[in-house]
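Below is one structure, written out as C-alpha cells, with a few remarks after it.
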Amino acid sequence: MPGFSKGQKRIASYILSDYDKAAFMTASRLGELVGVSESTVVRFAAVLGYDGYPAMQKALQELVRGKLTSIQRIQTSNDRLFGADVVASVLQMDMEKIRIAIEEVDRAAFREAMDRMMAARHIYILGVRSSSFLAGYLHFYFHLIFEHVTLVTSNSAGDILESILRIGPGDVLVGISFPRYSKATVKGVRFARDRGADVVAITDSAMSPLYPLASTVLMARSDMISFVDSLVAPFSLLNAVIVAAGHRKNADISQIFNRLEGIWDEYGVFGYSDEL
C-alpha cells in the first residue's frame, strides 16, 4: 500500500472494505465507484503482478467465493442482475461455466480419477448440503455400474465418520464440495485420507479445502446466483465421469440393462398402466 499512487490506494481500500462487491465488478465499474479511470484499474492489476484485470478478478473471486454470507451473495447478485433479463442472464452464466469447464478440466487428472474408481474395492460418495444432490446423482448411476458403492447421506460430521468407519486402503472416497465449503465434508475427506483410502475430490478450484487432501482433483466452476448455487458445470462433469465408467464396463453395463429392461417390463415400471 505505501508504494501505491493516490488512485491505486483508493482502489485497494475499496477492495479491502468491499471485497464481496469488488470481486464481481468490471474494471470500468470499479473505477467509476472509486473515482479513477478504467485504465488506472487495469494498471493496478498489473502492479500486483497479474496479466490483466480479468486475471486479478478471477483470483479475487476464488479467494472470496467461499467466504460470502447469504446476504452478501444476494447483494452481489442484485448488482449483477439488476435491470437485466433474469432468464437470459442466468442461462448465459450457466453456458459460460460449461464452456470454461471444457477448456479447464484436466484430462490427465480425469483419466487418473477414472483409473482409481475402476480399481476400487469399495466406492464411497460424500457430498452435503447442495452438493448432496450431486452426490445422489452420481450414486444413482454408480450403483448400477459398480457392485460396492455407498452414498453417505448424513450432514453431521459424526455420522459421516461412522458411515465410512471401515474405509481403508483399496477404497475410494469421492468427496464433492463447492462454496460455501462444508466442514463436515472436509472432515470426512481427511478421515478417509488418514485411513489410507484414495480421495477423488470434485470441487471448484485450488482454493478449495479439499484440494490439498485429495489424491486426484476434478475441477468445475460453480457460480453464485443470488442465494442459490449454479451447479450446471459440476453436473456436466459428473455426466462425463458416469459415461466414462460405463464405457469401461461396457459388457457389464449391457447385461445389467438387459436384465433391468425385463424387470421394468414385467412390473410395468414405465409408461401408463391401469394398475395402481
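The values are calculated or read from the model by the stated rules, or taken from the named source; none is laboratory data. Values in this document were obtained by computation on a predicted structure and should not be read as measured data. Cβ placement follows ideal geometry from the backbone for every residue including glycine, while neighbour counts extend to all protein chains displayed. Each accessible area value is taken on the protein alone, full model and side chains, heavy atoms only, with ligands, DNA and RNA left out. Shrake-Rupley method; radii C 1.70, N 1.55, O 1.52, S 1.80 Å.
Below is a table of values for the structure above.
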{"quantity": "Failed condition for ASP204, given (1) open to solvent by 10 Å² or more (accessible area, probe 1.4 Å); (2) over 22 Å from LEU237 (Cα atoms); (3) touching a residue at least 40 places away in the same chain (Cβ under 8 Å)", "calculated": "(2)"}
{"quantity": "Test result for PHE142, in contact (Cβ under 8 Å) with a residue 40 or more places away in the chain, part of a loop (DSSP other than H, G, I, E, B) and open to solvent by less than 20 Å² (accessible area, probe 1.4 Å)", "calculated": "no"}
{"quantity": "Output for the range 145-155, where each listed residue is open to solvent by 40 Å² or more (accessible area, probe 1.4 Å), touching a helix residue (DSSP H, G or I) at 6+ places or on another chain (Cβ under 9 Å) and part of a loop (DSSP other than H, G, I, E, B)", "calculated": "THR153, ASN155"}
{"quantity": "Lone qualifier among ALA240, ALA233 - being in a helix (DSSP H, G or I) and at pLDDT 95 or above", "calculated": "ALA240"}
{"quantity": "Residue match in the range 19-29 (condition: more than 21 Å from ASP223 (Cα to Cα) and open to solvent by less than 30 Å² (accessible area, probe 1.4 Å))", "calculated": "no"}
{"quantity": "Elements of type helices (runs of 4 or more DSSP H) in the range 1-62, at least 2 residues being closer than 24 Å to PRO179 by Cβ", "calculated": "6-17, 19-22, 27-34"}
{"quantity": "Single unsatisfied condition, LEU91 versus (1) at pLDDT 80 or above; (2) aliphatic (A, V, I, L, M); (3) under 28 Å from ALA214 (Cβ atoms)", "calculated": "(3)"}
{"quantity": "Residue among GLY158, GLY170 that alone is out of contact with any Leu (no Cβ under 8 Å at 6 or more places or on another chain), within 22 Å of ARG190 (Cβ to Cβ), open to solvent by less than 90 Å² (accessible area, probe 1.4 Å) and not in a helix (DSSP H, G or I)", "calculated": "GLY170"}
{"quantity": "Condition met for GLU103 (surrounded by fewer than 17 Cβ atoms within 10 Å (Cβ to Cβ) and at pLDDT 85 or above)", "calculated": "yes"}
{"quantity": "Any hit, the range 187-205, residues being touching an Asp or Glu at 6+ places or on another chain (Cβ under 9 Å) and under 26 Å from ALA23 (Cβ atoms)", "calculated": "yes"}
